[in-house]
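**Student:** Here it is, the structure in full.
The values are calculated or read from the model by the stated rules, or taken from the named source; none is laboratory data. Computed from a predicted model, the values in this text were never measured in an experiment. Reconstructed Cβ throughout: ideal geometry from the backbone, glycine too, with neighbour counts over all protein chains shown.
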Amino acid sequence: MPNAASSSAVAVWAILRKECRSEWRTRYGLNAAVLFAITSLTAVTFAAGRLPDRADLLAALLWITLLFAALASMSHAFVRETEGRTLLFLRLVASPTEIALGKLLFNVAFLVVVEAITVPLFLVLTGAPPVRWPPFLTVLGLGTLSLAASSTLVGAVIAQTRSRGALFAGVSLPLLLPVLASGVSGTRAQWDGMPVAADARLLAAYAVALVGVSLLLYDHLWED
Amino acid sequence: MIWRIGIFLWIAATMAVALLAAPLVPVLQETTRVLYFHIPSAWITVVALAWSMLNSVLYLWKREPERDHHAAAAAELGLLFCVAATVSGSIWAKSMWGSWWNWDPRETSIFFVLLIYGAYLALRASIEGEEKRARLSAVYSIVAFVAVPPLVFVVPRIYSTLHPDPIINASGKIDMDPMIRWCFFSMLVGFTFLFSWLQSLRVRVFRLERRLAT
């Protein structure tokens, strides 16, 4: 058993490295995502102006920007395989769960990079009040995990349908609304000096449930 | 046929008793009566979506088209009853809270459920090939149901809501006037049979469509 576990850990790691490498060679996914995030951020901050004393608006705008950036870019992990007709090769060397886990880790890393650029820029451009880092990062991290888990699963489903681009956002967004709601509520609480425990618990439960259920389901995604 | 007449008479008789004889809850006044439609609709929503999830699991396990028919039919009906619960709740909110829609946690969470299962139907419509459609829809239906229990049962208890289960149901037990309680449970039973009848109809349509296609 330890052998099987370590060999699938190796496979997951290999998938993750392969994803990072192929992303790094072209960078078109990352470039597009960062560009999209910055342009939507510009649109938002330009339209709303500086809002130093409106924590409620800031929290909503921050999460909407993050959600849109994720939805615009995160389907490509699987769609790329379908379009390049490489999924079959990938499946020869790893089990569906290993592929999905590798892609999930890649999506988390991808989102972290996008957020590392977007979030500081957002805080500067909107003139947001100083954040309390531990609760802020907790809420942001759990939200990122949920975003990545749902995008990975929906991306894998969407890659097999006809209208990939439009459908990905349409199908992901409803699943992510609970994340948006508790993310906004937690971020606002963090600015208002309130406890974020309830929101963080809800986010954590949702993230764990999404990751757990999707890991059980990946074996059924490809069978032909 | 006999079932259909039975369900009709059952619901009609309960409705007559509920509207004419059952007393009113003090705070809610005349709007008490919405509970005979609204709560059974919400209840059937959860039952139907759970049935859809269960049949999706069974489909992935056994690969029988019949399971997929059940899962798809239950998701459609769950959406239908969810709309019924949302609309009746909204009308009630207009008379009690003074606005059709004000993003109370209850309203928010039911709206999320609506969108999630609307996405199920959109996804289902865009997949070609019977086996693939059944398989991917089953995967989505199971993931979608992950969101239902938190939305329906957890969110309204964490965030403060004006929804009146604290008024009717202050002690956490079913704490109603006996007459209201009888009508209410009778409606629950009636709606459950109504759902199972509609479900059997929809499954039959799916079966016929499949036979036509092959």
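**Student:** Could you pull out the residue among A:V139, A:V184 that is in contact with an Asp or Glu (Cβ under 8 Å, 6 or more places away or on another chain), more than 9 Å from every other protein chain (Cβ to nearest Cβ), among the β-branched types (V, I, T) and closer than 16 Å to A:L66 by Cβ?
**Tutor:** A:V139
**Student:** Name the residue that is farthest from the chain's Cα centre (by Cα), counting only residues in segment B:35-56 that are of a type in the set (S, T, Y) and either over 17 Å from B:W182 (Cβ atoms) or surrounded by fewer than 20 Cβ atoms within 10 Å (Cβ to Cβ) (or both).
**Tutor:** B:S56
**Student:** Let me ask something else. Which of the residues belonging to segment A:105-132 are part of a helix (DSSP H, G or I) and touching a Pro at 6+ places or on another chain (Cβ under 9 Å)?
**Tutor:** Passing the criteria: A:L123, A:T126.
**Student:** Any idea how many residues of segment B:164-202 are modelled with pLDDT under 90 and surrounded by 17 or more Cβ atoms within 10 Å (Cβ to Cβ)?
**Tutor:** 6
Let's see how each residue does on (1) part of a helix (DSSP H, G or I); (2) surrounded by fewer than 22 Cβ atoms within 10 Å (Cβ to Cβ):
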{"residue": "A:S40", "(1), (2)": "yes, yes"}
{"residue": "A:V44", "(1), (2)": "yes, yes"}
{"residue": "A:R50", "(1), (2)": "no, yes"}
{"residue": "A:L58", "(1), (2)": "yes, no"}
{"residue": "A:W63", "(1), (2)": "yes, no"}
{"residue": "A:F68", "(1), (2)": "yes, yes"}
{"residue": "A:F78", "(1), (2)": "yes, no"}
{"residue": "A:A100", "(1), (2)": "yes, no"}
{"residue": "A:K103", "(1), (2)": "yes, no"}
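**Student:** Filter segment A:171-216 down to the residues that are part of a helix (DSSP H, G or I) and more than 19 Å from the chain's Cα centre (by Cα), then identify the one that is surrounded by the most Cβ atoms within 10 Å (Cβ to Cβ).
**Tutor:** A:Q190
**Student:** Just give me the residues in segment B:116-143 being assigned to a helix (DSSP H, G or I), crowded, with 18+ Cβ neighbours inside 10 Å, within 7 Å of chain A (Cβ to nearest Cβ) and not aromatic (F, W, Y), in sequence order.
**Tutor:** Across segment B:116-143, the qualifying residues are B:I116, B:A119, B:L123, B:R135, B:L136, B:V139, B:I142, B:V143.
**Student:** State yes or no: is A:L62 touching a residue at least 40 places away in the same chain (Cβ under 8 Å), closer than 23 Å to A:R164 by Cα and under 16 Å from the mean Cα position of the chain (by Cα)?
**Tutor:** Considered against the rule, which asks whether it is touching a residue at least 40 places away in the same chain (Cβ under 8 Å), closer than 23 Å to A:R164 by Cα and under 16 Å from the mean Cα position of the chain (by Cα), A:L62 comes out as no.
**Student:** Which one is nearest to B:L60 (Cα to Cα) among residues in segment A:190-221 that are without any contact (Cβ under 8 Å) to a residue 24 or more places away in the chain, within 8 Å of chain B (Cβ to nearest Cβ) and small (G, A, S)?
**Tutor:** A:A209
**Student:** Just a yes or no: is a residue in segment B:22-41 among the hydroxyl-bearing types (S, T, Y) and either assigned to a loop (DSSP other than H, G, I, E, B) or in contact with an Asp or Glu (Cβ under 9 Å, 6 or more places away or on another chain) (or both)?
**Tutor:** no
Yes/no per residue for (1) among the aromatic types (F, W, Y); (2) free of Cβ contacts under 8 Å to residues at least 40 places away in the same chain:
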residue	(1), (2)
B:F8	yes, yes
B:I11	no, no
B:V25	no, no
B:R33	no, yes
B:V46	no, no
B:A50	no, no
B:S56	no, no
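**Student:** Could you please find all residues in segment B:76-114 being out of contact with any helix residue (DSSP H, G or I) (no Cβ under 8 Å at 6 or more places or on another chain), hydrophobic (A, V, I, L, M, F, W, C) and part of a loop (DSSP other than H, G, I, E, B)?
**Tutor:** B:W97, B:W103, listed by residue number.
**Student:** If you don't mind, there's one more thing I want to ask. Is it the case, given these coordinates, that B:P105 is within 14 Å of the chain's Cα centre (by Cα) and under 18 Å from A:A181 (Cβ atoms)?
**Tutor:** no
**Student:** Would you say A:A77 is of a type in the set (G, A, S) and either over 18 Å from A:W24 (Cβ atoms) or touching a strand residue (DSSP E or B) at 6+ places or on another chain (Cβ under 8 Å) (or both)?
**Tutor:** Here the answer is no, as A:A77 does not meet what is asked.
**Student:** Looking at segment A:142-176, which of its residues are touching a helix residue (DSSP H, G or I) at 6+ places or on another chain (Cβ under 7 Å) and either aromatic (F, W, Y) or within 7 Å of another protein chain (Cβ to nearest Cβ) (or both)?
**Tutor:** A:L153, A:V157, A:Q160, A:T161, A:L167, A:F168, A:G170, A:V171, A:P174, A:L175 - these are the residues of segment A:142-176 that are touching a helix residue (DSSP H, G or I) at 6+ places or on another chain (Cβ under 7 Å) and either aromatic (F, W, Y) or within 7 Å of another protein chain (Cβ to nearest Cβ) (or both).
**Student:** Test of understanding: among A:T126, A:T144, which residue is buried (at least 16 other Cβ atoms within 10 Å of the Cβ), over 19 Å from A:S73 (Cα atoms) and polar (S, T, N, Q)?
**Tutor:** Unique residue meeting the criteria: A:T126.
**Student:** Within segment A:151-170, work out how many residues are surrounded by fewer than 20 Cβ atoms within 10 Å (Cβ to Cβ) and part of a helix (DSSP H, G or I).
**Tutor:** So the answer is 5.
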